[in-house]
Amino acid sequence: MIRFFADIVYLFFFLTLTFPLYPLFDHWNKTGQEHCRTEKAQSMIMNAFKTCLKFAGTKVIVDGRENIPEDTAVLYVGNHSSYYDILCSYVATPHGAGFFAKNEMGKIPCLSHWMTFINCLFLDRKNIKEGMKTINKGTEYLKNGFSMVIFPEGTRSQDEDPHTFKEGSLRPALKAKVPVIPMAISGTADILENNKKYTVKPTEVHITFGRPIYPDQLDRQAQKHLGAAVREEIIEMRKKHKTMA
């Protein structure tokens, strides 16, 4: 329980003590310096998340980082079983990325500001029209060189295999003509969800990045079922890790 509250207290102080930076980030947004804002904000969040994981006793082991292209933005597509997926997957990437997050996250003061600063988008899954606007905004971010992360299950799953991936979730990569990077996450639920309430235990998390998939180079049938194909690849990567463990 101490580890859990250590993370909460640390994040609280991070969000409040960095409040003076908000006007600067807003200024960069208004003056066309989004890349400067993103680079600074993502670097700060990277350090903050590493500190949180250190408090939690979490070790993140990463395989396949060489599969991530260095000359283009990418859409990371991962399975989702824990609140800690966000922290672990973020520090596993080379520089960080924005997330497609549930709409409710955008209503939390301070946290929503920082999420916006690192290019997170708030997805309203109950409103198709607004949801499409968010997906299109994500496409623009990818076109402008900002990598994004999406969990296409739509919610956290405690089952052995991830739930069905929503095919429309991968549309931004197709429209922006950027690669999809399958991201298999194992072990995050053992940090918090699989324990007693508010109990965080030291855990080894394993994240594997698959080879890039270029949706615009696939035929129409393969594009239509890309989500299912990525899901199967993630399942296989997770099985491979379990066999080697």
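I need the full set of residues from region 128-156 which are among the polar types (S, T, N, Q), touching a residue at least 40 places away in the same chain (Cβ under 8 Å) and within 11 Å of Ala101 (Cα to Cα), in order please.
Listed by number, the list holds a single entry, Thr155.
In region 206-226, what residues are touching a residue at least 60 places away in the same chain (Cβ under 8 Å) and either in a strand (DSSP E or B) or polar (S, T, N, Q) (or both)?
His206, Ile207, Thr208, Phe209
Among the numbered criteria (1) touching a strand residue (DSSP E or B) at 6+ places or on another chain (Cβ under 9 Å); (2) over 30 Å from Leu174 (Cβ atoms), which one does Ile68 miss?
The failed condition is (2).
Take the residues in region 5-38 that are open to solvent by less than 70 Å² (accessible area, probe 1.4 Å), of a type in the set (Val, Ile, Thr) and assigned to a helix (DSSP H, G or I), then tell me which one is nearest to Lys196 (Cα to Cα).
Looking at the filtered set, the residue picked out is Thr16.
Among the residues of region 39-72, which ones are charged (D, E, K, R), crowded, with 16+ Cβ neighbours inside 10 Å and either in a helix (DSSP H, G or I) or in contact with a Leu (Cβ under 7 Å, 6 or more places away or on another chain) (or both)?
Across region 39-72, the qualifying residue is only Lys40.
Of everything in region 114-145, what is surrounded by fewer than 18 Cβ atoms within 10 Å (Cβ to Cβ), of a type outside the set (Lys, Arg) and out of contact with any Lys or Arg (no Cβ under 7 Å at 6 or more places or on another chain)? Give them in sequence order.
Asp124, Asn127, Ile128, Glu130, Met132, Asn136, Glu140, Asn144, Gly145 - these are the residues of region 114-145 that are surrounded by fewer than 18 Cβ atoms within 10 Å (Cβ to Cβ), of a type outside the set (Lys, Arg) and out of contact with any Lys or Arg (no Cβ under 7 Å at 6 or more places or on another chain).
The values are calculated or read from the model by the stated rules, or taken from the named source; none is laboratory data. These figures come from a predicted structure and were not determined experimentally. Note that we place each Cβ from the backbone using ideal geometry, even for glycine, and neighbour counts take in every protein chain shown. Quick note on the areas: whole protein, heavy atoms, side chains included, nothing else; ligands and nucleic acids left out. Shrake-Rupley method; radii C 1.70, N 1.55, O 1.52, S 1.80 Å.
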